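Colleague: Just dropping this structure here.
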Amino acid sequence: MITTAHTTKCRRCHRVLRSPASIARGKGDRCAAIEAAFDGLSDKQRAKADQLITDKGIVKVRAGIYKMTAEGGEVTHTASVNGNCTCEWGVRRASATKKTCYHVAVAKLYDSPRRVLRRSDFGKAA
Ligand SMILES: [Zn+2]
Ligand SMILES: [Zn+2]
């Protein structure tokens, strides 16, 4: 039973939240996943990653490896979930654990299971 009269909206995308877990978090499942993947990136990198997702410039090459086309199709990089990327930040990577670039963050996001999304889709249909 819902005790609050007002609807809670996602802090990130402003969609109305329905699941108790999402409401408690203040974010939808998808947005929470995005934020987790982008953790450690600068605001500038986050903005670029967001743009990449909005532009749908991400193509799966094979499991864990994604090709990303940014900036109007002029720049393409290949990033893997294990932290490797062909961009200038990727090749300059200091260590295996250090966050490299937003390409890797996006690759990790796209490689995460989509079960969470499907569950929320069922919620909508019910
Ligand atoms: Zn959201
Ligand atoms: Zn990169």
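Colleague: Identify all aspartates and glutamates with a Cα-Cα distance to residue 67 below 20 Å; exclude those on the same chain that are fewer than 8 residues away in sequence.
Modeller: Correct list for residue 67: 50, 55, 88, 111.
Colleague: How far, in nm, would the chain grow between residue 55 and residue 18 when pulled straight, counting 0.36 nm per residue and subtracting the alpha carbon separation? Don't skip to the answer; put the middle values down first.
Modeller: Details: separation 37, 0.36 × 37 = 13.32 nm, distance 2.70 nm.
Extending this stretch completely gives an extra 10.6 nm.
Colleague: Sticking with this structure for a sec: When Lys and Arg each count +1 and Asp and Glu each count -1, what net charge do the other residues less than 10 Å away from residue 66, Cβ to Cβ, add up to?
Modeller: +3
Colleague: Beta carbons within 10 angstrom, averaged per residue: use that to sort the peptides 12-24, 76-88, highest first.
Modeller: So the order, starting with the most tightly packed, is 76-88, 12-24.
Colleague: A follow-up question, please. Quote to one decimal, in nm, the extra length available between residue 6 and residue 44 on full extension: 0.36 nm per residue of separation minus the C-alpha distance between them.
Modeller: Values: separation 38, 0.36 × 38 = 13.68 nm, distance 3.34 nm.
Between residue 6 and residue 44, full extension yields an extra 10.3 nm.
Colleague: Enumerate by residue number the trypsin sites (Lys or Arg not before Pro) in segment 60-92 meeting two conditions: DSSP loop (anything except H, G, I, E, B), and at most 15 other Cβ atoms within 10 Å of the site's Cβ.
Modeller: 92
Since every read-out is calculated from the coordinates, none of them should be taken as a lab result. Fair warning: this is a prediction, and the values are worked out from it, not measured in the lab. Please note: Cβ atoms are built from the backbone with ideal geometry, for glycine as well, and neighbour counts cover all protein chains shown.
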